[in-house]
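Novice: To start, I am sharing the structure in question, which I have written as structure tokens.
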Amino acid sequence: MKTVYSLEDLRTQIQCWRRESARIALVPTMGNLHAGHISLLERARALADRSVVSIFVNPIQFGKGEDYAKYPSTLDADMEKLGAAGLDLLFAPNLAELYPGGIEEDTRVTVPGLSAILCGQFRPGHFSGVATVVTKLFNNVQPDVALFGEKDYQQLLVIKRMAHDLLLPIEILGMPIVRESDGLAMSSRNAYLSPLERGRAPRIYAALQEAATKLSKGAQSIIAIETAAMADLAAAGFRPEYFSVRRPTDLSSPQLGDTSVQILVAAWLGSARLIDNLHVALDQPLAIL
Ligand code: PAF
């Protein structure tokens, strides 16, 4: 595995691979890698001749008072995992490399609509920060395919829309959520949980599964299911931000006759903001809303 820190070295390597007509896959990350990230890399390696992982904790996608300053940095351990998983190139730039003019006046890429709902409502500017840094990475790595985890389902849709609207010739692939044995979705932020909170955390996935069962039975309205899940999570010690049943394609509200939905949740547990989601293929088309 080769590691580069500068755009210049990254571009030199990419040009060399392009001359060889190599197909390139990119997995953008913020480091602190877990099995979910490694599953993205494994798929990337299967899909392309050359794999690139980026590690960069992107300040502009964090709001004021969020965890940018304490976001776990584990570069040495990450490098070991990536090397063992057969990565070709790690790009680990510093702040000045990606934001040479600073972060305040920097140009932003914004995907309207989709960025303002759900997580976007609670984290204003977050998806614009994501879309901006991913654009910078896409422009320099010039991947044929880029892979993102479905745990950040809304992020995945934002990036797909951005690539579509900006006419980027890059295939955007979502990969299934990797879960701990008790159902908790793997996330770097799980490290913020105390042992007691870690014991409770799988409740968030259980809430999604319960809502999926209720939806499949078709006996309750969506609003009743969402309200009950919010109350259950609050009773279990979470501070839920939203629990919402949406259309999988664009996160709009489901309509009568829909045959699948995406249930999405964001909830605080102690100092950890957890998100999760579940795709539900319904046995019967939606008959009540
Ligand atoms: O999902 C993440 O880790 C980040 O949002 C991403 C896509 C690497 C952009 O900083």
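Novice: What ratio of Cα Rg to 2.2 N^0.38 Å holds for region 167-271? Write down the numbers at each step before the final one.
Specialist: Details: Rg = 15.4 Å, N = 105, 2.2 N^0.38 = 12.9 Å.
Dividing the Cα radius of gyration by 2.2 N^0.38 Å gives 1.19.
Novice: Follow-up. Can you pull the one-decimal nm distance between simple spin-label points at Gln284 and Gln121, each 7 Å off the Cα toward Cβ?
Specialist: Calculated label separation equals 2.9 nm.
Novice: Which value results for Rg/Rh of region 79-185 when Rg is the Cα radius of gyration and Rh the Kirkwood radius based on the inverse mean 1/r?
Specialist: Details: Rg = 15.3 Å, Rh = 15.6 Å.
Using Cα coordinates only, the ratio equals 0.98.
Novice: Then there is this: Considering only DSSP states other than H, G, I, E and B, which trypsin sites (Lys or Arg not before Pro) in region 57-94 qualify as loop sites with at most 11 other Cβ atoms within 10 Å? Each step should come with its number before you reach the end.
Specialist: Values: sites: Lys64, Lys70, Lys81; in loops: Lys64, Lys70.
For trypsin sites (Lys or Arg not before Pro) across region 57-94 that sit outside H, G, I, E and B with at most 11 neighbouring Cβ atoms in 10 Å, the list reads Lys64, Lys70.
Novice: On alpha-carbon atoms, Rg over Rh for the chain using Kirkwood Rh?
Specialist: Details: Rg = 19.5 Å, Rh = 20.0 Å.
Ratio value, two decimals: 0.98.
Novice: For His164, His279, which order do you get if you count the other beta carbons within 10 Å of each Cβ and list the fewest first? Working shown, then result.
Specialist: Values: His164 12, His279 15.
Neighbour counts put them in this order, fewest first: His164, His279.
Novice: Oh, and also: Just to be sure I understand the model, the point goes 7 Å from the Cα along the line to the Cβ. What's the resulting Glu8 to Thr74 distance in nm?
Specialist: Spacing of the two 7 Å Cα→Cβ label points: 3.3 nm.
Novice: Of the GluC sites (Glu not before Pro) in region 1-75, which ones lie in a loop per DSSP and count no more than 10 other C-beta atoms within 10 Å?
Specialist: Values: sites: Glu8, Glu20, Glu42, Glu66; in loops: Glu20, Glu66.
Listed in order of number, the matching sites are Glu20.
Novice: Further question: What distance in nm separates the two pseudo spin-label positions at Glu171 and Ser221, each 7 Å out from Cα along the beta-carbon direction?
Specialist: A separation of 4.4 nm, rounded to one decimal place.
Novice: At a Förster distance of 35 Å, what's the computed FRET efficiency of Gln15 paired with Ala191, Cβ-Cβ distance as r, to 0.05?
Specialist: Working: r = 38 Å, r/R0 = 1.07.
Plugging the Cβ-Cβ distance into 1/(1 + (r/R0)^6) gives 0.40.
Novice: Quote the charge dipole size of region 9-167 about the Cα centre in Debye, to the nearest 20; the model charges only the Cβ of Lys and Arg (+1) and of Asp and Glu (-1).
Specialist: Working: 16 positive and 18 negative charges, 74 e Å.
Roughly 360 debye for region 9-167.
Novice: Among bridges DSSP assigns within the chain, what percent are antiparallel (round to 5)?
Specialist: Values: 18 of 37 bridges.
Taking every DSSP beta bridge with both residues in the chain, the antiparallel ones total about 50 percent.
Novice: Expressed as an acute angle from 0 to 90° and rounded to the nearest 10, what is the orientation of the C-alpha long axis of helix 75-84 relative to the principal long axis of the chain?
Specialist: In the chain, helix 75-84 runs at an angle near 90 degrees to the longest axis.
Novice: Compare Asp152, Asp276, Asp250 in a GNM of the chain, Cα atoms joined below 10 Å, and give the one with the largest fluctuation.
Specialist: Asp250
Novice: With a 10 Å cut-off between alpha carbons and a GNM built on the chain, which of Pro202, Pro100, Pro240 moves the most?
Specialist: Greatest mean-square fluctuation among the candidates belongs to Pro100.
Throughout, read-outs are computed from the coordinates displayed, never taken from laboratory work. Note that the structure is a prediction, hence the values are computed from the model and not measured. With ideal geometry, Cβ positions are generated from the backbone for all residues, glycine too; neighbour counts draw on all protein chains shown.
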